[in-house]
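Trainee: The structure follows.
The values are calculated or read from the model by the stated rules, or taken from the named source; none is laboratory data. All values reported here derive from a predicted model rather than from experimental measurement. All Cβ positions, glycine included, derive from the backbone under ideal geometry; neighbour counts span all protein chains shown.
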Amino acid sequence: MSNNSRKRREALVYHAKPKPGKIQIVPTKKYASQRDLSLAYSPGVAEPCLEIEKDKENAYKYTTKGNLVAVISNGTAVLGLGDIGPEASKPVMEGKGLLFKIFADIDVFDIEVDTKNVDAFVETVKNIAPTFGGINLEDIKAPEAFEIERRLKEELDIPVMHDDQHGTAIISAAALLNAVELAKKKMSKVKIVVSGAGAAAVSCTKLYKAFGAKAENIVMLDSKGVIRKDRPNLSEEKLEFATDRDLNTLDDAMKDADVFIGLSIADIVSPAMLKSMAKRPIVFAMANPNPEIDYQLAMDTRKDVIMATGRSDHPNQVNNVLGFPFIFRGALDVRATKINEDMKMAAVKALAELAKEPVPEQVNIAYGETRLNFGSDYIIPKPFDPRLIAKVPPAVAKAAMESGVARTEITDWQKYEDELLERMGSDNKITRLLMQRAKNNPKRVIFAEADHLDVLKAAQIVYDEGIGTPILLGRREVIKELMGEIDFDADVEIIDPKSDEERGKLQKYAEAYFDSRNRKGVTLYDAERLMRERNYFAAMMVNEGDADALLSGYSRAYPTVVKPMLQLIGMAKGISRVAATNVMNTSRGPIFISDTSINIDPSAKDLAKIAQLTAGVVRLFGLEPVMAMLSYANFGSSDHPQARKVKDAVSYLHRYHPNLLVDGELQSDFALNKEMLQKKFPFSKLAGKKVNTLIYPNLDSANSAYKLIKELNDTDSIGPIMMGMNKPVHILQLGASVEEMVNMAAVAVVDAQEKEKAKKAKK
């Protein structure tokens, strides 16, 4: 089976299992008792109905309308697939709904309309509009898309936006403003070439004009060449951008142009065309998956080019996810009657300004940068930037209020920004950041139990996604057979420590181990025997520099795997205690839980060391640790040794690490409920703060808590992350899922990156 065939199968399985589709409806109210049900439906539901009958605006108060957007398509222009019909467009619409939810906490119903008739489509949307707070039109072909959006905006009193048109326009306009500034040019004077005349191209060009670009400086091309005024039968949209200049081809148009905007097809811009452009040219080659000119080719051709593409593997990705979730968020939060030009322009300005501000460490970490700075390779924010939710919606909401289309007003903007940031606790952003960071500098990762199917599946994903380079340890014939079953045909290293092929390497590792342990009762024979065990062999591979990191523990009890790692790898310099932490992606954001795997009953000093190690891991993920030391007691309410131990650990940390935001001893509900903590214990360092790290008093409680959260809430988990080891080795929980192993592989890669960085810094 080809790689494409396998990817196709994976995509189909992803959409089909464990349940079909990508989104679902979840109740937001209690429904356990008869009383709850009587309030939810009959007879209690009559009361909000009557209130809405008195005033339709009450629908925002008593229903989901204010946070509900319809993503609507007729399937006539779906991605690069074309007119595939409404049913076939549904996976794309569900995907759009997923993006709305994870980036801006907006609920979505996707609606697929079976008509190509403009009148019928408009009438359908108008008839269902009372359900929604906003309408996102999607994947509707031009020119019908223009007419549909125009009429719906005129006839409805809720925000309507065709993202294919305006999304790209808003993001690219923000990038263009910054690029023009960097090139030391003016919008009113730059000569712009637009390749493409569809909905997106027209909307982009209109928005550029709104920011000062002059019609006489714009040349637009379609499949027939330059759109000239003397061409017959031009549509209204094309006529607006027709030129009277004597130009026919893209070659002609590109001469002395300052800006190229590509919304067409791959590889239509040649190096010669790029060379013919003005000094400091701006090239936005946004065709997907392949741009109008290859990024590296453009960079090699012109050192002074400022370039953006639609791809995530190059700087300056023009990604619509920077726009539509946050624009609708701002519009919904003031109950806007429409999304007007003022609101779109406000979004553009907010995005452009954000790119000039200092970048959070979390974003630098995710993209493997020492420091992202405003410049040619950074003219628009990154999609993972956590500031987007607090920057763009307020700008859009303010513009709605100032332009008179807001039904309600926001008065406390700081409170609003805080609420927006709180909304973002429910997604798995930290996992996406981790993956992105690993991909920036992949490392060699040993999968020590690769003769197990799930382990091999994880290794395959790690390879396919570019997270790392897998090294497969185990029985060669079994690994080969399993690789055939899952169509894993990559040229990766397979090592069987017990095979004759590895005899030389085994001997080398045995002698190295013997040299390090010969005064601790280990004979050469013992060393040779142990090296036939995969975990000892894998650990020595990392020690000897033949691999960068390792994962093990899928099929064996945790203690049996820890032992060789401690014997062979050992603790990092200055570390007296190793521990493990798990990251739980909860609805309130990531929670770090320690120690989940190693220390059975740590002393007060051990707990303090575990807290310090955990703080380092939290920072590794780009977050600032806010730590609660947990107990069954609150601040001295019990004098039992178990409670006193936690109290003593906190005292130690307060004395020797005063800058670490940590407190206790605390019960877990007080730790997680900042308002309750503020009310009862206002003196606490954690009062009013959102705790993201929980240090448990012993292994029983930490391990149980982590597994309860994981199973009861179906929570995504990363871990256990080994802390304090000399090399990047991580031990999985027995029977870890494929997803958990992939996450841990990314952790191992990032760990290796950091240790490499630290080593270089010492030189």
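Trainee: In the list D55, D36, which residue meets the criterion of being more than 30 Å from F121 (Cα to Cα) and more than 26 Å from the chain's Cα centre (by Cα)? I'd like the intermediate steps shown before the answer.
Mentor: Details: D55 fails: more than 30 Å from F121 (Cα to Cα).
Checking each option against the conditions leaves just D36.
Matching residues to (1) surrounded by fewer than 24 Cβ atoms within 10 Å (Cβ to Cβ); (2) over 37 Å from the mean Cα position of the chain (by Cα); (3) touching a residue at least 12 places away in the same chain (Cβ under 8 Å); (4) not assigned by TED's automatic domain parsing to the domain that holds E147:
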residue: M187; (1), (2), (3), (4): yes, no, yes, yes
residue: A201; (1), (2), (3), (4): no, no, yes, yes
residue: C204; (1), (2), (3), (4): no, no, yes, yes
residue: K209; (1), (2), (3), (4): yes, no, no, yes
residue: L239; (1), (2), (3), (4): yes, yes, no, yes
residue: T243; (1), (2), (3), (4): yes, yes, yes, yes
residue: G262; (1), (2), (3), (4): no, no, yes, yes
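Trainee: May I pose another question? Just the residues that are assigned to a loop (DSSP other than H, G, I, E, B) and surrounded by 12 or more Cβ atoms within 10 Å (Cβ to Cβ), please, taken from the stretch 2-30.
Mentor: Of all residues in the stretch 2-30, those assigned to a loop (DSSP other than H, G, I, E, B) come to 2, 17-30.
Passing the criteria: G21, K22, I23.
Trainee: What number of residues within the stretch 579-609 satisfy the criterion of being over 30 Å from the mean Cα position of the chain (by Cα) and farther than 14 Å from T693 by Cβ?
Mentor: Of all residues in the stretch 579-609, those over 30 Å from the mean Cα position of the chain (by Cα) come to 598-609.
From what's left, farther than 14 Å from T693 by Cβ: 598-606, 609.
So the count comes out to 10.
Trainee: With respect to D251, determine if the residue is of a type outside the set (F, W, Y), loosely packed, with under 13 Cβ neighbours inside 10 Å and either over 38 Å from the mean Cα position of the chain (by Cα) or assigned by TED's automatic domain parsing to the domain that holds I327 (or both).
Mentor: Working: of a type outside the set (F, W, Y): yes; loosely packed, with under 13 Cβ neighbours inside 10 Å: no; either over 38 Å from the mean Cα position of the chain (by Cα) or assigned by TED's automatic domain parsing to the domain that holds I327 (or both): yes.
No.
Trainee: Could you grab me the full set of residues in the stretch 547-578 that are more than 20 Å from S594 (Cβ to Cβ) and under 32 Å from the mean Cα position of the chain (by Cα)?
Mentor: A547, D548, A549, L550, S552, Y554, S555
Trainee: Considering each of A580, A549 in turn, give the residue that is buried (at least 23 other Cβ atoms within 10 Å of the Cβ) and either more than 25 Å from P470 (Cβ to Cβ) or touching a Ser or Thr at 6+ places or on another chain (Cβ under 6 Å) (or both).
Mentor: On the way: A549 fails: either more than 25 Å from P470 (Cβ to Cβ) or touching a Ser or Thr at 6+ places or on another chain (Cβ under 6 Å) (or both).
Going through A580, A549 in turn, just one is buried (at least 23 other Cβ atoms within 10 Å of the Cβ) and either more than 25 Å from P470 (Cβ to Cβ) or touching a Ser or Thr at 6+ places or on another chain (Cβ under 6 Å) (or both): A580.
Trainee: On to the next question. If I filter the stretch 75-85 for residues that are hydrophobic (A, V, I, L, M, F, W, C), out of contact with any Gly (no Cβ under 6 Å at 6 or more places or on another chain), touching a residue at least 40 places away in the same chain (Cβ under 8 Å) and at positive phi, do I get at least one hit? Explain how you work it out, then say what you get.
Mentor: Just the residues of the stretch 75-85 that are hydrophobic (A, V, I, L, M, F, W, C), to begin with: 77-79, 81, 84.
Within this subset, residues satisfying the condition of being out of contact with any Gly (no Cβ under 6 Å at 6 or more places or on another chain) are 77-79, 81.
Those still in the list that are touching a residue at least 40 places away in the same chain (Cβ under 8 Å) too: 77-79.
Retained after the next criterion (residues that are at positive phi): 79.
Within the stretch 75-85, one or more residues are hydrophobic (A, V, I, L, M, F, W, C), out of contact with any Gly (no Cβ under 6 Å at 6 or more places or on another chain), touching a residue at least 40 places away in the same chain (Cβ under 8 Å) and at positive phi.
Trainee: Mind listing whichever residues of the stretch 29-55 are under 20 Å from T131 (Cβ atoms), without any contact (Cβ under 8 Å) to a residue 12 or more places away in the chain and not acidic (D, E)?
Mentor: K29, A40, Y41, V45, A46, C49, L50, I52, K54
Results for (1) modelled with pLDDT under 90; (2) in contact with a strand residue (DSSP E or B) (Cβ under 9 Å, 6 or more places away or on another chain); (3) among the basic types (K, R), shown as yes or no for each residue.
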residue: I52; (1), (2), (3): no, no, no
residue: V71; (1), (2), (3): no, yes, no
residue: I84; (1), (2), (3): no, yes, no
residue: K90; (1), (2), (3): no, yes, yes
residue: G97; (1), (2), (3): no, yes, no
residue: I102; (1), (2), (3): yes, no, no
residue: V108; (1), (2), (3): no, yes, no
residue: N117; (1), (2), (3): no, no, no
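Trainee: Does at least one position in the stretch 219-229 carry a residue that is without any contact (Cβ under 8 Å) to a residue 40 or more places away in the chain, part of a loop (DSSP other than H, G, I, E, B) and surrounded by 17 or more Cβ atoms within 10 Å (Cβ to Cβ)?
Mentor: Yes, some residue in the stretch 219-229 is without any contact (Cβ under 8 Å) to a residue 40 or more places away in the chain, part of a loop (DSSP other than H, G, I, E, B) and surrounded by 17 or more Cβ atoms within 10 Å (Cβ to Cβ).
Trainee: While we're on this one: So L630 ticks every box in (1) surrounded by 17 or more Cβ atoms within 10 Å (Cβ to Cβ); (2) closer than 30 Å to N364 by Cα but one. Which box is left unticked?
Mentor: Failing condition for L630: (2).
Trainee: Now for a different question. Could you list all residues from the stretch 163-215 that are under 20 Å from I148 (Cβ atoms) and of a type in the set (D, E, K, R)?
Mentor: Those that are under 20 Å from I148 (Cβ atoms) and of a type in the set (D, E, K, R): D163, D164, K206.
Trainee: Hey, any hits in the stretch 705-717 for a residue that's surrounded by fewer than 21 Cβ atoms within 10 Å (Cβ to Cβ) and touching a Leu at 6+ places or on another chain (Cβ under 9 Å)?
Mentor: Within the stretch 705-717 (the criterion being surrounded by fewer than 21 Cβ atoms within 10 Å (Cβ to Cβ) and touching a Leu at 6+ places or on another chain (Cβ under 9 Å)), the answer is yes, since at least one residue qualifies.
Trainee: In the stretch 293-388, which helices (runs of 4 or more DSSP H) lie fully inside it and hold 1 or more residues that are surrounded by fewer than 22 Cβ atoms within 10 Å (Cβ to Cβ)? Walk me through how you get there before you give the answer.
Mentor: Values: elements: 295-301, 324-333, 341-354, 361-366.
The qualifying helices (runs of 4 or more DSSP H) are 295-301, 341-354, 361-366.
Trainee: Which residues, taken from the stretch 397-433, are surrounded by fewer than 18 Cβ atoms within 10 Å (Cβ to Cβ), assigned to a loop (DSSP other than H, G, I, E, B) and more than 13 Å from the chain's Cα centre (by Cα)?
Mentor: S403, G404, R407, T408, E409, T411, D412
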